[in-house]
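The structure appears below as structure tokens.
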Amino acid sequence: MKQELSHTRKDGRVHMVDTSSKENSLREAKACGSIALSSDTIQLIKEDQVKKGSVLTTAALAGISAAKQCSNLIPLCHNIPLAKADVTFTMHPDRIEAFSEVRCVGPTGVEMEALTAVSIALLTIYDMCKAVDKSMEIKEIKLLKKTKTSLLYCDENPVC
């Protein structure tokens, strides 16, 4: 069975998917990625010695802002009012891992927002450290999880 692309009409023209008939549900997505850096650069970040400022704070803010702007960056994404957008980091001797978690109540998922948050957070780290580290490499940006939970179920579940 051949699966059709949701953003392409039968005649090949692109369009934004109509979600007006879909019911609202709790949508969540998590993504991650990493940036390889030299140990010297990792140390500068840990000691808050990068001249452009606090790298991880700036990168987290950039990632959150990017998630909120996803529909302005990716032409066929819906403009989604986000309930949550968070970006966190784990530091290792040779890399920094970025993680995003995005949530909304709506008729469509938030995986593009989660992936965009991670991507822009990592690009921000790259931008802030490029003067001191020419060996940086952004790697493995991927979706970890996406969920859709019925709001009827959420009414019975205090976690929602």
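Read-outs: derived from the displayed coordinates by stated rules, not from any lab. All figures in this text were calculated on a predicted structure; none of them were measured in a lab. Glycine gets a Cβ as well: all are built from the backbone with ideal geometry, and neighbour counts include every protein chain shown.
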Requested in this report: Provide, in order from the shortest bin, the percent of all Cα-Cα pairs of segment 10-160 in each 5 Å bin, continuing until the bin that contains the maximum pair distance.
Outcome: 2, 10, 18, 18, 15, 12, 10, 7, 5, 3, 1, 0
Query - Ordering of 78-85, 130-137 by packing [mean C-beta count within 10 Å, highest first] - result: 78-85, 130-137
Query raised in the report: Along segment 39-51, what does the Karplus equation 6.51 cos²θ - 1.76 cosθ + 1.60 (θ = phi - 60°) give for ³J(HN,Hα), rounded to whole Hz, x for Gly and Pro?
Result: 4, 5, 5, 4, 5, 4, 5, 4, 8, 6, 10, 6, 4
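Per-residue counts of other Cβ atoms within 10 Å, averaged by peptide: what ranking do you get for 32-41, 141-150, 104-113, highest first? Can you show the working numbers first?
On the way: 32-41: 18.7, 141-150: 13.8, 104-113: 21.1.
Top to bottom by mean Cβ count within 10 Å: 104-113, 32-41, 141-150.
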